[in-house]
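Data block below; observations after.
The values are calculated or read from the model by the stated rules, or taken from the named source; none is laboratory data. Keep in mind the model is a prediction, meaning the values are calculated, not measured. Note that we place each Cβ from the backbone using ideal geometry, even for glycine, and neighbour counts take in every protein chain shown. For accessibility, only protein heavy atoms count, side chains too; no ligands or nucleic acids. Shrake-Rupley method; radii C 1.70, N 1.55, O 1.52, S 1.80 Å.
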Amino acid sequence: MDSDLVRALRLRGVDVLTAHDAGLIGYPDGEHLAFAAADGRALCSFNVADFMKLHLASLADGRHHAGIILAQQQRYNVGELMRRLLRLVGTKPAEHMRDSVEFLSRWG
């Protein structure tokens, strides 16, 4: 996660916990999702293919997560990522994110 984006979101009151903050760098994607689910956090990633597979596997296995936010890497600059994430966070309550996937492309 870009440090400028993290800083900008935090300055605007968004509770952001990065994989680095959580000590998850180098761990498999499934562990990132499990950690986020246990902590009640939606997970944001540019790894669209892998997290869509994890989302579908979670649903099939009856496991839950707090939501997944996906964006294509290098599609948006930091300002555009921030605007889209703020629009999503400000519009969709956490309880409506549960077990769902949101694509940032929809939040332009």
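Overview of results
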{"quantity": "Difference of contour (0.36 nm per residue) and Cα-Cα distance, S105 to M1", "calculated": "35.7 nm"}
{"quantity": "Cα-based helix-to-principal-axis angle, 29-38 vs the chain, degrees rounded to 10", "calculated": "80"}
{"quantity": "In order through the stretch 6-14: 3J(HN,Hα) via Karplus (6.51 cos²θ - 1.76 cosθ + 1.60), integer Hz, x for Gly, Pro", "calculated": "4, 4, 4, 5, 5, 4, 9, x, 7"}
{"quantity": "Cβ-based net charge around F46, under 12 Å, with every Lys or Arg adding one and every Asp or Glu removing one", "calculated": "-2"}
{"quantity": "Solvent exposure of the chain as accessible area per residue, Å², 1.4 Å probe", "calculated": "60"}
{"quantity": "Helix 48-61 vs. the chain, principal-axis angle (Cα, 0 to 90°, nearest 10)", "calculated": "40"}
{"quantity": "Built amide H within the under 5 Å cut-off of C44, gap 5+", "calculated": "I69"}
{"quantity": "Mean Cα-pair separation over length for the chain, i.e. relative contact order, pairs under 8 Å, 6 or more apart, %", "calculated": "27"}
{"quantity": "Cα-derived Rg to Rh of the chain, Kirkwood definition", "calculated": "0.93"}
{"quantity": "Modelled FRET efficiency - R0 22 Å, T91 with L11, Cβ distances, 0.05 increments", "calculated": "0.65"}
{"quantity": "Nonlocal amide H pairs with S100, under 5 Å, H built at 1.01 Å", "calculated": "G67, I68"}
{"quantity": "Folded to 0 to 90 degrees: helix 78-91 orientation relative to the chain principal axis, Cα", "calculated": "60"}
{"quantity": "Residue-averaged [θ]222 nm for the chain, counting only DSSP H segments that reach four residues, each worth -39500 (n - 2.57)", "calculated": "-14000 deg cm²/dmol"}
